[in-house]
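For reference, the structure discussed in these notes is given below.
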Amino acid sequence: MVKKIAQNISLALLIAFCILLSGCELTQNNSFINQADSPSYAYLAPTPPMGWNSWNFFAKDIDEAKIKAVADAMVSSGMRDAGYQYLVLDDAWMAAERDDNGALQADPVKFPKGMKEIGDYIHSKGLKFGIYEDRAYRTCQSLPGSFGHEQIDMATFAAWGVDYIKMDSCSAEGNGRLSSEDYAIFRKYIEETGRPMVLSISDFGNAAWVWGGKETSQLWRTGWDIRSNMHSVYNCGDTSGGSNRTHPAFNGLWQFAGPGYWNDPDMLQVGNLKIEDEKVRASANKAHFGLWCMLAAPLMAGNNLAEMTETVRDILTAPEVIAVSQDKRGVQGYKVFVDGKLEVYNKPLADGTTAVLLLNKGGEEADITVTWEMIGLSGKQPVRDLWQRKDLGIFKDSFTAKGLGEHGNTMLKIGRKGKPLPTATPVPPEKYTITRKGVTSLSDLYYAWRDNNAPVYNKTFGGNPIKIDGKTFEKGFGCKSKATFMFAGTERADRLMGTVALDESYQGENEGRFRIYHEDYFGNRVLWDSGKMTKDSPAKEFDIELDNYNCLMLTFDGRNIKDGKRANDVLGVFADPRVIADD
Ligand code: GLA
C-alpha cells in the first residue's frame, strides 16, 4: 500500500505556474458574477439545469411505456423533490418523415399517442418536458433534423409544451452557417413562440465559450460523448475542469460559466458505470457526481431510474452535494492542487463558505490534503462532510482525507458564513483575444479552444527553433499530426499574415495541410487553405483580409500519403502568424 501525502509545495508550483502563464492570482471579488452582460433569458437557468435524459441508458430504444415509467420513478424515487425537473427525450423519438405540413411527428410505433400526450404526462407529474433535435438536415441517428425547418419546429415544440431543447450538431458542417448563426436562428424562433424554452447546445465541445454560446443558449457541451467508464468520465470532466479543451493558463473553463450559462461536460453516467467491486463502484459514482457538482455542470441523470439501486439513488439525491451544484453564486469550481492523479477542487459559495473536493483519480491508496491557503482561508475553520452530512470539527490550517482508495473522494464545506470568499482571477480577455492596434502575434495569446494535439508555442513540436529556408522565427506554433486551435477576436483586425511549412526535421513522405477558418468547423468558412504540402513543398505565405469575424481557428492536418488517413508523425509549423489592425 503506497501512501502519499499531497504537499503544499505542489500548490506553490501550481500557483507559480498560473501566475507565470496568465498573471492569475487569488483576489478579493466579493460580488456574484455580474449578470449585466447576460442576455435577458439567462433567468431560464440561473443554476445548472437538473433532469434526466434518455440517451445514456436507453439510446435509441425509447417508447411511451419506458418514458412514463421514468417519469413515475422520478417522483417515487425522490429525484423530482431533490431538484431534477427536466425529463428529456433524446434522439430517435421522431418518425422518419415529417407530416404533410412539414412538421415533425412522433415515431408512430414508439409513441402512438404523439408527443403532446407524453409532454402532458410529464407535466402531470410536476416535471418539465425536454426534447432533442439536430440543427442539420438529419440527426445523429439519421432522422429528420431541423435545418430549413427551424421556425416550424420551434413552434411545434412550443405547441407540445416543450420546456427544454437539446440541439445537436451531427452533419451541421453541411449547413453552410456558422454555429453562432445557427443557434441565433433557434433562439429567435424560440422567442417568437413566447414559450420559455432552455436551449442546450450539443456540439461535441466546439468552442461555444469562445464564439458566444451565451448569446443564444443556457448550456453548451465542452467535449465528445461521455461513456459509462471512469476514464471517459474524467476525460469529459477535464474538458470543463481541466485543460483538455483550452490552454492550461485558464485552469479549466470556470471563467466562462455563471448564472444563466453553463459549461456542459455531458450527461451523468452515475448508475451506469460497469465496475465489479461494489465499494469501488460506489466511490466512482460519488466521484463522478461530486465532480459534476463542483464544476457547476448540468446534472442530467442518465441511468434507468425505474430500476435504480438505493446506493445510486442516495448519491443522486444527496442534498448537501446537490446544494453545491445549485449554489446561487454560480461559480464553477476549479482545481487548486494537482499531484499526478490526486486533485483538489474549490468552489466558493454564496454564503461565505467554500466547497472542496478531494479526489483520487488513481488506483493507489493516498492521503490528500487541502490547505486553507489553497482556498483563501486561514486559521481555525469548521469542516463539514457533505456526503455524510456531518460536522467533522474545527481544523487549523488544513484538512487531510486519509486513505482514499481508487476513485476515493471527500466532499467538504469549509469555513464560516459571511462575506463570499475570493475566486481565482480569470485570464483577462486581452490575453486570449485579438484586441490590439498594430501587430498582434497569435503566439502572444492563449488559445481559448483546442482539439487534438495542443500546439507548441514559439518552437517546433519537438522543441527546436522554428526555421524555414535557413531563417529562424521567434514566434509561431509547432504542430504534430492534427492540431486545431482557436483565438477569440474582435472586429478590430484587418489582415492575418504568416508562413507555413512542414517542419525541417520531418523527413517522411506524408502530407500536411494548413487551414485557417472563421469560427469553428461547422461553418466551413475557410479563409485560407495551403493545400497538401510535403517536405519538398516550398513554404507558403498567407495574407488574408479579415472582415467581420469573431474568432479564428488554425488547423494543421497530417495525412498518410498512401491512403489519406490521419498520419501520426507529420510535423508542421505556423511561422509568425500575426494579425494587423490599422486603426
Ligand atoms: C450525439 C450527442 C449525444 C446523443 C446522440 C444521439 O452523439 O452528443 O449526446 O444525443 O448524438 O444520437
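The values are calculated or read from the model by the stated rules, or taken from the named source; none is laboratory data. Nothing here was measured: the structure is a model prediction, and the numbers come from that model. Because the Cβ atoms are built from the backbone with ideal geometry, glycine has one as well, and the counts that use them run over all protein chains shown. Ligands, DNA and RNA are stripped out before the accessible areas are found, and what is left, the full protein with its side chains, is counted by its heavy atoms. Shrake-Rupley method; radii C 1.70, N 1.55, O 1.52, S 1.80 Å.
Amide H to amide H distances under 5 Å link Asp90 with Ser54, Trp55, where only residues 5 or more positions off or on other chains count and H is placed in the peptide plane. Shown in residue order for region 331-343 are the 3J(HN,Hα) couplings computed by the Karplus curve 6.51 cos²θ - 1.76 cosθ + 1.60 at θ = phi - 60°: 7, 6, x, 8, 6, 10, 7, 9, 9, x, 8, 9, 9 Hz (x for Gly and Pro).
At an R0 of 51 angstrom, the distance between the Cβ atoms of Lys279 and Arg436 translates into a FRET efficiency of 0.40. For the chain, the share of DSSP beta bridges that are antiparallel, to the nearest 5, is 75%. Over the chain, dividing the summed -39,500 (n - 2.57) contributions of all DSSP H runs of at least 4 residues by the number of residues returns a 222 nm mean residue ellipticity of -6000 deg cm²/dmol.
Distance from the Cα centroid of region 173-211 to that of region 361-425 is 39 Å (rounded to whole angstrom). Computed over protein heavy atoms with a 1.4 Å probe, the accessible surface of the chain works out to 39 Å² per residue. Starting from the Cα gyration tensor of region 130-195, take the square roots of the eigenvalues, sort them a ≥ b ≥ c, and report rounded, prolate or oblate (rounded when a/c is under 1.5, otherwise prolate if a/b is larger than b/c, else oblate). Since a/c reaches 1.5 but b/c is at least a/b, the shape of region 130-195 is classed as oblate. 3J(HN,Hα) along region 137-143: 6, 9, 7, 5, 9, 6, 9 Hz, from the Karplus curve 6.51 cos²θ - 1.76 cosθ + 1.60 with θ = phi - 60°, whole Hz, x for Gly and Pro. In sequence order, region 107-117 has phi-based couplings of 4, x, 7, 6, 10, x, 8, x, 7, 4, 4 Hz under the Karplus curve 6.51 cos²θ - 1.76 cosθ + 1.60, θ = phi - 60°, and Gly or Pro positions carry x.
Taking 26 Å as the limit for the C-alpha separation, the pairs Lys113/Lys214; Lys475/Lys535; Lys482/Lys562 exceed it in the case of Lys113/Lys214.
Close Lys pairs in region 361-446 (alpha-carbon distance under 25 Å; sequence gap of 8 or more, or different chains): 17. Given axes a ≥ b ≥ c from the Cα gyration tensor, I'd like to know whether region 490-544 is rounded (a/c under 1.5), prolate (a/b larger than b/c) or oblate. The shape class here is prolate. With both labels modelled 7 Å from their Cα along Cα-to-Cβ, the Asn452 to Arg195 distance reads 4.1 nm.
The peptide list 466-472, 76-82, put in order of mean Cβ contacts within 10 Å with the highest first, becomes 76-82, 466-472. Computed from the C-beta positions of Glu373 and His231, the FRET efficiency with R₀ = 30 Å rounds to 0.40.
As a rough guide to protection, the peptides 203-212, 289-298, 388-397, 270-279 ranked by mean Cβ packing within 10 Å, highest first, stand as 289-298, 203-212, 270-279, 388-397. With a simple spin-label model that places each label point 7 Å from the Cα along the Cα-to-Cβ direction, the separation between Lys471 and Ala59 comes to 5.4 nm.
Taking only protein heavy atoms and a 1.4 Å probe, the accessible area of the chain is 49% carbon and sulfur.
Region 300-340 and region 47-101 have Cα centres lying 19 Å from one another.
Projecting label points 7 angstrom from Cα along Cα→Cβ for Lys459 and Trp224 puts them 2.7 nm apart.
Stretched out straight at 0.36 nm per residue, the stretch from Ser398 to Tyr43 would grow longer than its current Cα-Cα span by 124.0 nm.
Taking a ≥ b ≥ c as the square roots of the Cα gyration tensor eigenvalues, the chain comes out oblate, since a/c reaches at least 1.5 and a/b does not exceed b/c.
Note on Lys110: lysines with a C-alpha under 26 Å away, same-chain residues under 8 apart excluded, are Lys60, Lys66, Lys68, Lys125, Lys128, Lys166. Taking amide H as placed 1.01 Å from N in the peptide plane, Lys482 has its amide H under 5 Å from the amide H of Asn453, Gly558, each at least 5 places away in sequence or on another chain.
Amide H contacts for Gly51 (H built 1.01 Å from N in the peptide plane; partners 5 or more residues away or on another chain; cut-off under 5 Å): Gln85, Tyr86, Leu299, Met300, Ala301.
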